[in-house]
Amino acid sequence: MNETRSDKWLSIFLILCILYITPWMIGFGGWYDEQPYRDILFYVPFQHLYFIGPVIFFYVQSLLNPSFRFGKKEWLHLLPGLLYLLFSVVMVVTDKLVLKKYFFLAKGADPDFDTWYQLTGFASMVLYFIFSIRYYGLYKKLIVQVISYADVVMFRWIKNFLLSFLLILIVRLGFTISELIIQQTYSSTWWYFLAFAIIFYYIAITGYANSIETKIAFRPNLPGYRSALLLNYLPPTLQHQVTTEDAEVIEIESVANHQTIPSETLSEWKTKLLNLMQAKKMYEDPELSLAQVAKQLQSNPSLISKMINQGFGLNFNDFVNQFRIEAVKTLLENGEHKKQTLLGIAFDCGFNSKATFNRAFKKFTGHSPKEWLDKKAL
């Protein structure tokens, strides 16, 4: 089985989770009570709180964006974690080699559980959770504007993954609040680590079953909550031919950001788009993209996106699906469902999944396909 980039980031995240729970687990094995195990727990950082957030962010990007690469800028996200590792090295050198006595660890407590580290580490994870949510939001915002099979690549696993991580943060916050109200002993924290382990196992089992990466490359702008489509982008295996920097960048804006287009221009382009869909039946292509339509009309994706958004009040995905649904309805009215299955009719009209067909049919008709047929039969 081929390991994807996202699988590698998920593996790193799972390793960090295992290390996170390790001190509590082996602490019950007596490591805090005997040497040299006590010093191993004290001087070796197990809870890498500054790494968890960035790794989650990189994992989300690797699933959603084929143009994502780990480069120099990404190293900056890991700087706090690397500095903490350096701090751990300084502690070992000072206490074990220079002073040959406890200095940094004079209080006899594991520095991984210092209040300042736990609080800043939690803040780091919350921050990168927000980054990941915004990134996923940008992806969803873009994907419906550029392809006609958005439901198939909406990656609901990302949503479930982020909800799972949010649950980890909520459980951690609840544990912190309970510590302020009731003094927690080492053994009484079992419920927190049990909850963490359950969520961790869910992510581990489900994550590898959902490691399919999207093929739609884009350039995100998190602060501005905007993203741009990258055209002429090649997959990693062909990156020696075309790089991200070489790709054509096309701004795909939301409907709200569109400037008003003159009615004459809008009417002209609406006619062109209708002719293209109705005459050439491009909607029958299950992987039809905005770029393909723009090429047929000898225009650019950004302009076509604006025309569809403003002229029809729909995003590209819904615009194409509307024609597919009308084609399905025409075939049903002609009795085609007596010759083949509903799913077969849907596939003939450009849909590539039963779930997508059912959702689109319900959206545009207000009924399920069966309900619509029953209503027509009356």
Regarding V293, is this residue under 19 Å from K354 (Cβ atoms), assigned by TED's automatic domain parsing to the domain that holds T265, modelled with pLDDT of 90 or more and buried (at least 22 other Cβ atoms within 10 Å of the Cβ)?
no
Has the range 267-278 got at least one residue that is on the phi > 0 side of the Ramachandran plot, touching a Leu at 6+ places or on another chain (Cβ under 8 Å) and modelled with pLDDT of 90 or more?
no
From the list T341, T356, T365, exactly one residue is over 32 Å from the mean Cα position of the chain (by Cα) and among the β-branched types (V, I, T). Which is it?
T341
Restrict the check to the range 10-17 and report whether at least one residue is free of Cβ contacts under 8 Å to residues at least 24 places away in the same chain, part of a helix (DSSP H, G or I) and in the same structural domain as L79 (by TED's automatic domain parsing).
yes
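Each row is one residue, and each column tells you yes or no for (1) among the aliphatic types (A, V, I, L, M); (2) outside the structural domain of D114 (by TED's automatic domain parsing); (3) under 19 Å from the mean Cα position of the chain (by Cα).
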position: G27; (1), (2), (3): no, no, no
position: W31; (1), (2), (3): no, no, no
position: Q35; (1), (2), (3): no, no, no
position: F58; (1), (2), (3): no, no, yes
position: L63; (1), (2), (3): yes, no, yes
position: E74; (1), (2), (3): no, no, yes
Mind listing whichever residues of the range 194-220 are over 16 Å from I15 (Cβ atoms) and of a type outside the set (A, V, I, L, M)?
Y202, T206, N210, S211, E213, T214, K215, F218, R219, P220
Some residue of the range 140-147 being under 12 Å from the mean Cα position of the chain (by Cα), without any contact (Cβ under 8 Å) to a residue 40 or more places away in the chain, outside any loop (DSSP other than H, G, I, E, B) and closer than 18 Å to V55 by Cα:
no
Before we move on, is F131 closer than 23 Å to D7 by Cα and either assigned by TED's automatic domain parsing to the domain that holds T22 or not small (G, A, S) (or both)?
yes
Based on this model, can you work out whether L97 counts as surrounded by 15 or more Cβ atoms within 10 Å (Cβ to Cβ), farther than 23 Å from I26 by Cβ and either at pLDDT below 95 or among the charged types (D, E, K, R) (or both)?
no
Of all the residues that make up the range 1-41, how many are of a type in the set (G, A, S) and under 15 Å from F113 (Cα atoms)?
1
Quick one: would you say F42 is in contact with a Leu (Cβ under 6 Å, 6 or more places away or on another chain) and more than 19 Å from I203 (Cβ to Cβ)?
yes
Among the residues of the range 279-295, the number that are on the phi < 0 side of the Ramachandran plot and in a loop (DSSP other than H, G, I, E, B) is 4
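The values are calculated or read from the model by the stated rules, or taken from the named source; none is laboratory data. Quick caveat, the model's predicted, so the values are computed rather than measured. Methodologically, a virtual Cβ is constructed for each residue, glycine included, from the backbone with ideal geometry; neighbour enumeration extends over all protein chains shown.
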